[in-house]
1. Hey, could you check segment 29-45 for residues that are touching a Lys or Arg at 6+ places or on another chain (Cβ under 7 Å) and not hydroxyl-bearing (S, T, Y) and say which is surrounded by the most Cβ atoms within 10 Å (Cβ to Cβ)?
2. Given (1) of a type in the set (A, V, I, L, M); (2) over 16 Å from R81 (Cα atoms); (3) modelled with pLDDT of 95 or more, identify the lone condition not met by A6.
3. In segment 224-247, which residues are surrounded by 18 or more Cβ atoms within 10 Å (Cβ to Cβ), outside any strand (DSSP E or B) and not small (G, A, S)?
4. Output the number of residues of segment 16-53 satisfying the condition of being among the basic types (K, R), closer than 23 Å to P133 by Cβ and not in a loop (DSSP other than H, G, I, E, B).
5. Is it true that L115 is within 20 Å of G227 (Cβ to Cβ), assigned to a helix (DSSP H, G or I) and either hydrophobic (A, V, I, L, M, F, W, C) or touching a Lys or Arg at 6+ places or on another chain (Cβ under 9 Å) (or both)?
6. Can you name the residue in segment 137-165 that is part of a strand (DSSP E or B) and not small (G, A, S) and, of all such residues, is surrounded by the fewest Cβ atoms within 10 Å (Cβ to Cβ)?
7. So is A191 among the aliphatic types (A, V, I, L, M), under 16 Å from the mean Cα position of the chain (by Cα), assigned to a loop (DSSP other than H, G, I, E, B) and modelled with pLDDT of 95 or more or not?
8. Regarding segment 203-211, can at least one residue be identified that is under 22 Å from R138 (Cβ atoms), crowded, with 16+ Cβ neighbours inside 10 Å and modelled with pLDDT under 95?
Amino acid sequence: MIAEPADSLPSETLTIPSRVADPALGRPLTIKATYYPPRGSHPAPLVVFNHGSTGQGAERGRIPREAVLRYENQARYFHARGFAFLAPMRRGRGESEGTYLESYAWNALKLAEGLQHALDDVGAVVDGMRNRPEIDSRRILVAGHSRGGLLSVAYAGQHPPGVVGSINFAGGWIAEQGMMDDFNRDVFVRAGSGADAPSLWLYAENDRHHSKAMIRRWHDAYTGVGGSAELYLFGPVEDDEGHQLLERPGLWQSAMDAFLHQLGFFW
């Protein structure tokens, strides 16, 4: 059902099969996603916007099951430019089925396992959207915030068909702390090796999780192995310590417009 509150974009909730079968249910676990359909009747490009950790660590019980991140402010930007916009909740978050398996442990193996679970969910969502008649399956962008930013770059690095670029808002899988920062860097290196889709990286200097030095280190590592990434490191963002840069479109809109034009999107 499409909900159209006076001050909201038209949206609906989609149910998309994951890649993980549940023997007890006799079917795959499902992923719920908020979908903002494009304007008009022609096939439109799609943005899949990936959420972060949701900020509550391993204590899933502290987040109501129905808590859903809809990213309507970001959807408005893309919708005005002719895009469809999808905001999925990965398994074990929001109303999606399954268990949240994206570990917060300071252990590289556990972190890698969690990242793979997340990559599987993004792949399932993109695959589930390809055949919709209103979607241009040759023009898909993956974007996200925090964990979702790194996840989007990593997914695009797998060369999925039709994915033409990635957008990274304050991306990192785990907060900078000693040797665990190498995990973030290694993910970016793997993603950049042979990457054929350009990416846009948007960070603020006062990001509470990632220092300026580390952000530049990740970018250098990604581009050093062949990845194409335009980095914007904005000055300090007041009040929110920089990590919520995505809520300040006045800062990043010009950079985003330029990136979309680079990819051939015009409006």
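The values are calculated or read from the model by the stated rules, or taken from the named source; none is laboratory data. If you're wondering where the values come from, they're calculated on a predicted model, not measured in any experiment. We place every Cβ from the backbone using ideal geometry, glycine too, and count neighbours over all the protein chains shown.
1. Quick first cut of segment 29-45, residues touching a Lys or Arg at 6+ places or on another chain (Cβ under 7 Å) only: 29, 31, 34, 45.
Narrowing the set further to residues that are not hydroxyl-bearing (S, T, Y) leaves 29, 31, 45.
Working: L29: 19, I31: 27, P45: 24.
Ranking the candidates gives I31 first.
2. (3)
3. First, the residues of segment 224-247 that are surrounded by 18 or more Cβ atoms within 10 Å (Cβ to Cβ): 227, 229, 231, 237, 242-243, 245-246.
Those still in the list that are outside any strand (DSSP E or B) too: 227, 237, 242-243, 245-246.
If the condition is that a residue be surrounded by 18 or more Cβ atoms within 10 Å (Cβ to Cβ), outside any strand (DSSP E or B) and not small (G, A, S), then V237, H243, L245, L246 are the ones that fit.
4. Initially, segment 16-53 is screened for residues among the basic types (K, R), giving 19, 27, 32, 39.
After this cut, where a residue has to be closer than 23 Å to P133 by Cβ as well, the list is 32, 39.
Checking which are not in a loop (DSSP other than H, G, I, E, B) leaves us with 32.
Count: 1.
5. Numbers: within 20 Å of G227 (Cβ to Cβ): yes; assigned to a helix (DSSP H, G or I): yes; either hydrophobic (A, V, I, L, M, F, W, C) or touching a Lys or Arg at 6+ places or on another chain (Cβ under 9 Å) (or both): yes.
So L115 passes the test.
6. Taking segment 137-165 first, the residues part of a strand (DSSP E or B) are 137-145, 163-165.
So of that shortlist, the ones also not small (G, A, S) come out as 138-142, 145, 163-164.
Values: R138: 12, R139: 19, I140: 25, L141: 27, V142: 29, H145: 28, V163: 24, V164: 17.
For segment 137-165, the residue satisfying everything is R138.
7. On the way: among the aliphatic types (A, V, I, L, M): yes; under 16 Å from the mean Cα position of the chain (by Cα): yes; assigned to a loop (DSSP other than H, G, I, E, B): no; modelled with pLDDT of 95 or more: yes.
Criteria not met by A191.
8. Of the residues in segment 203-211, the ones under 22 Å from R138 (Cβ atoms) are none.
Within segment 203-211, not a single residue is under 22 Å from R138 (Cβ atoms), crowded, with 16+ Cβ neighbours inside 10 Å and modelled with pLDDT under 95.
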